[in-house]
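As structure tokens, the structure follows; a few thoughts come after it.
The values are calculated or read from the model by the stated rules, or taken from the named source; none is laboratory data. None of these values were measured; they are calculated from a predicted model. FYI the Cβ positions are ideal-geometry reconstructions off the backbone, even for glycines, and counts take in every protein chain you see. Please note that ligands, DNA and RNA were not included when accessible areas were found on the heavy atoms of the full protein model with its side chains. Shrake-Rupley method; radii C 1.70, N 1.55, O 1.52, S 1.80 Å.
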Amino acid sequence: MLSTRPADRPAAEAAISGLYGLIGLAPPRFHWVPSPLTALTTLPPGVRPRPAEDASRVSDWPLTRRFQAVATELCLDLDLRVRPRHRTLDGWIRRDVRAPLERSADGAFVRPVLAAHAPHLPRPDWYRTQSAFWAAHYDALRQAGVVFPAGQARQLGLWATAAASCGPWWPRQDVCVVSERPTVLRTEVWGDDGEVRPHCADGPAVRYADSWEVHAWHGTLVPPWVITDPSVERIEREENVEVRRCAIERVGWDAYIGRAGLRPVASAPDPGNPGHFLRLYDLRGQTRVLLAVNGSVERDGTRRRYGLTVPGYFRDPVAAAGWTYGLSAEQYSLLVRRT
């Protein structure tokens, strides 16, 4: 899922052809493209556009719905075989294999592909069906000694091989468009179980051979300027709160406050984070920003500083901090430790 090696085209084509066979279709003609963006903005030679295959509704294409139904049926059949006799093992693998991989797949595989659809984002169903996490779950059971019937094992192998051999693919009746893998994929570990998300502080987090790229800040997809030129002026013009937050973090809150000339309103010791302070600043309009230090230590041993926007009527940093948790100032003051 995180590989940047060239796709294994023979393996991918053989696996996808096998999946076509499961729904009663002959192997398609394959049209390889360098990136998801190329796949969604161009049609393969000889293919005429069809309303039922609009890119913004990819999860509802006739063939993707059939493939998703096949995958769902396979999972149900495997679960019926596994759970009565291997419930404890299945629960452990779901927790320690499937769940972390699912969170990683949604961040590092599905989200960048959805970015190619912007601004008309589709439902992510089809891309999640292609993700490695669910096939990995059953493959882990197989490696732990669970035996599947030959037909189910073959189907699982087809899905697993497709996920391991290429980027996303888009099936039509006679032709299947398949994307190469990215040439660059930068991630960071963010979860307790090894989950990763796209992140790069000095360039694109994802780049494909045709130069299409995606920028990400700690898992949030952002415009390129957030990484390459996060100026105060651009931050002030940005309407998206999450993008603005990422850009400020890229600059650093202390640096941003100084460059933007934000007026301090008040500061106070943080009752939920002993040894650290809450600082309240005027931001713009009827908004203020509460600057705080994370109550939990990051993976590198540091504590991240972050800003939270709060209504402009707050003058007490403790009351503003309590508001972000749905608490009063008095309730927040009683916290032993904020996480």
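Counting Lys and Arg as +1 and Asp and Glu as -1 over every other residue whose Cβ lies under 13 Å from the Cβ of residue 208, the net charge comes to -1. When the convex hull of its Cα atoms is viewed from all sides, the range 1-40 shows a mean projected area of 3.6 nm².
From its DSSP helices (H runs of at least four residues, each -39,500 (n - 2.57)), the chain gives a residue-normalised ellipticity at 222 nm of -12000 deg cm²/dmol. Here the extension length gained between residue 306 and residue 266 equals 12.7 nm, from 0.36 nm per residue of separation less the Cα-Cα distance.
The slack in the chain from residue 218 to residue 89, taken as 0.36 nm per residue of separation less the alpha-carbon distance, amounts to 43.2 nm.
Express in whole angstrom the spacing between the alpha-carbon centres of the range 155-228 and the range 229-267. Here the two parts' Cα centres lie 28 Å apart. Using the alpha carbons alone, the radius of gyration of the chain stands to its Kirkwood radius in an Rg to Rh ratio of 1.06.
Between 241, 214, 97, the Gaussian network model of the chain with springs among Cα atoms under 10 angstrom shows the greatest mean-square fluctuation at 241.
Among 286, 130, 155, the residue with the largest mean-square fluctuation in a Gaussian network model of the chain, with springs joining Cα atoms closer than 10 Å, is 286. Rolling a 1.4 angstrom probe over the range 48-205 with all protein chains present gives an accessible area of which 52% lies on carbon and sulfur atoms.
Put a dot 7 Å past the Cα of residue 153, heading toward its Cβ, do the same for residue 241, and the two dots end up 5.3 nm apart. The convex hull drawn around the Cα atoms of the range 258-298, when projected onto a plane and averaged over every direction, covers 3.8 nm². Just to be sure I understand: with springs between alpha-carbon atoms less than 10 Å apart, which residue in 165, 328, 104 has the highest mean-square fluctuation in the Gaussian network model of the chain? The residue with the greatest mean-square fluctuation here is 328.
Placing unit charges on each Cβ (+1 for Lys and Arg, -1 for Asp and Glu) gives the chain a dipole about its Cα centre, and among 110, 148, 20 the Cα reaching farthest toward its positive end belongs to 148. Please give me, ordered by residue number, the trypsin sites (Lys or Arg not before Pro) of the range 212-308 that lie in loop per DSSP and have at most 11 other Cβ atoms within 10 Å. Passing both the DSSP loop test and the Cβ count: 299.
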